[in-house]
Amino acid sequence: MSDEVPNPFISAMEGLKTRTSNAVEDTPNMDAPTGSIGEGPAWTGSKAREVHDDYLAPNAGPVKTALNNLVADVEAAIAELDPMVPEGTARAMRYDLQMR
């Protein structure tokens, strides 16, 4: 039986978690841009209101919710990983990570 070593996927997922957190923080608030259409300072007119009502407003909430859940989703995936794996398995995992 081989020795157990730290799971390489965990450190890869921790990097993903950091990148995800940064992406969420860097994504502008969806409420302000969608609220500026129509009577607001950005777009005016019937076509702008139509784009807002038909495309932006219905999608702003789901996109915002998805962004807010990303970090928790990555954390949940990390929690499901075994912290220690056989050395041969870790070697195969590192190879797999390098090929991505």
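The values are calculated or read from the model by the stated rules, or taken from the named source; none is laboratory data. Note that the structure is predicted; figures quoted are calculated from it, not measured. Please note: Cβ atoms are built from the backbone with ideal geometry, for glycine as well, and neighbour counts cover all protein chains shown.
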Contact list please: Cβ distance under 9 Å, first residue in the range 51-72 and within 25 Å of E14 (Cα to Cα), second residue hydrophobic (A, V, I, L, M, F, W, C) and part of a helix (DSSP H, G or I), pairs at least six apart or on different chains.
L67/A23; L67/V24; N68/V24; L70/A23; L70/V24; V71/V24
Can you find, within the range 9-37, the residue that is modelled with the highest pLDDT among those that are surrounded by fewer than 17 Cβ atoms within 10 Å (Cβ to Cβ) and assigned to a loop (DSSP other than H, G, I, E, B)?
T27
Per-region count, the range 47-100, residues under 14 Å from the mean Cα position of the chain (by Cα) and among the acidic types (D, E):
2
Check whether at least one residue in the range 64-82 is modelled with pLDDT under 95, more than 16 Å from S21 (Cβ to Cβ), of a type in the set (G, A, S) and assigned to a helix (DSSP H, G or I), and report yes or no.
no
